[in-house]
Amino acid sequence: MTQSVPSTLRRVMTLGLTLAVFGGAGAAVYAGFAVISAQGDAGAVSRAPASIVAAMQIDIADSYTVTRRFTGQIEAATQIDLAFEFGGRVTEVLVDEGDVIAQGTVLARLDTSALMPQRAALEADLEALAADAALARLTLARNDTLADRGFRSVAAQDDARLALTRAEAGMAATLARIAGVDVQIDKSALIAPFDARIGARRADAGQTVAAGQSVLMLFDAAPARARIGLPPALAADLQTGDSVMVEIGGSTHAATIRQIRPDLDPGTRSRSVILDLPAGLDTVMGDTLALVLAQVVPEPGFWAPLSALREGARGSWSVMALQTTPDGDRTLPAAVEVIHSDGTQVYLRGLLPAGARIVAQAPDRIAPGQIVQLAANPQE
């Protein structure tokens, strides 16, 4: 009995302490709620300022223009490998790589020392045949005189006449052989067929070359040309004489279409377009250039900056349109389809009407349905 009294007292004290703790916690919660309510009432009085956005008004177009570049190569109007028609030893090469030469300039020569004795021998043969022909004429004349007097037979006259014919034929053959030697001597010198610049030099003095072996490469001094492969459909829209723009070394120049080949390149399945480049242009043969073509694509849509796009789920795109309300401009997402991009702007197709306004920059920072304030200088 004596031990039960303290136990009961402990239970009463524990219960009282628990009630005191819960009472204090409730008072603290009530006080905190009162403070939060007071702060909420104060915030309701002053709203947060609306976000400032840059907006633009869209303009619906019937088509858009695509600028396409096609790479080609600069080439000479005429490029040839110059060679001797006959083989022999090269005695001198009178030009070097990069030289500018005029038409008719002697470029190189072959050794003709073996041809000169041959020509001299033929000339000696010609003189001997000429003497035979002279003797045959005299014999024929004497035979004709004696035959008129009855001292010569007809057979003797025929022999004299045939001897003259053989001598004259031999002279003609010898003259032809002399002419052949002269041609070979003439062709032992390489002559420039047109005004040109020397490209590669493939032989030097003292070297023996075969007939037809390349000695010098010549580039025509006329204005250079360019050869560019284009898709057949695009080449069909061009015509000979059209003016086009080309980019060479970072600068743009006007060129003229000289020819459009009627066949396809079997490797690239493209049509070659040959351009006449402007005169006075400092070009390097074999260098690359770009043909710049503007192609109009008939497709309704509107242009917008790349910064106006919002990426959605599964590769979809949208813009943030602006709707006028009594409370201000409210944002609404509008689905669009990207048709073309030039790196800074995109051509879009969507259901937005002409004159509609969209957020031009950082639409991801704006939530749908948010009231926004337009910047002082909105994009038009």
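Whole-Hz Karplus ³J(HN,Hα) for region 160-165, in order, using 6.51 cos²θ - 1.76 cosθ + 1.60 and θ = phi - 60°, x for Gly and Pro?
Each residue of region 160-165 in turn: 5, 5, 5, 4, 5, 5 Hz.
Over what distance in Å are the Cα centres of region 72-130 and region 308-349 separated?
Spelled out, the Cα-based centre of one part sits 75 Å from the other.
Non-local amide H neighbours of Q361 (under 5 Å, H modeled in plane, Pro and chain starts lacking H): which ones?
For Q361, whose amide H was placed from the backbone, the distant partners under 5 Å are A54.
Given a Förster distance of 22 angstrom, what is the FRET efficiency for A335 paired with A367, based on the Cβ-Cβ distance and rounded to 0.05? Each step should come with its number before you reach the end.
Working: r = 17 Å, r/R0 = 0.77.
Approximately 0.85, to the nearest 0.05.
Mind listing the long-range amide H neighbours of D329? Cut-off is under 5 Å, sequence gap 5 or more, other chains count too, H placed in the peptide plane at 1.01 Å from N.
V372
Between T71 and T268, what length in nm is gained on full extension when 0.36 nm per residue of separation is reduced by their alpha carbon distance? Intermediate values should be presented prior to the final figure.
Details: separation 197, 0.36 × 197 = 70.92 nm, distance 1.28 nm.
Full extension of this stretch gives 69.6 nm more.
D99's amide H: which non-local residues (gap 5+, or another chain) put their own amide H closer than 5 Å, with H modeled 1.01 Å from N in plane and none for Pro or chain starts?
Under 5 Å from the amide H of D99 lie the amide H atoms of I198, each far enough along the sequence or on another chain.
Applying the Karplus parametrisation 6.51 cos²θ - 1.76 cosθ + 1.60 with θ = phi - 60° to the phi angles of region 135-142, what ³J(HN,Hα) value in whole Hz is obtained for each residue in order, glycine and proline being reported as x?
In residue order, the calculated couplings are 4, 5, 5, 5, 4, 5, 5, 5 Hz.
Could you check the simple spin-label distance between K187 and V296, using points 7 Å along Cα→Cβ, in nm with one decimal?
Here the modelled spin labels are 5.8 nm apart.
What are the ³J(HN,Hα) couplings of region 176-186, residue after residue, when phi is run through the Karplus curve with 6.51, -1.76, 1.60 and θ = phi - 60°? Round to Hz, x for glycine and proline.
Going residue by residue, I get 5, 5, 5, 4, x, 5, 4, 5, 5, 5, 4 Hz, with x marking Gly and Pro.
Here, each number is a calculation from the coordinates, and none is a lab measurement. From a predicted model like this one, the values you see are computed outputs, not experimental measurements. Every residue, glycine as well, gets a Cβ built from its backbone with ideal geometry; the counts of neighbours run over all protein chains shown.
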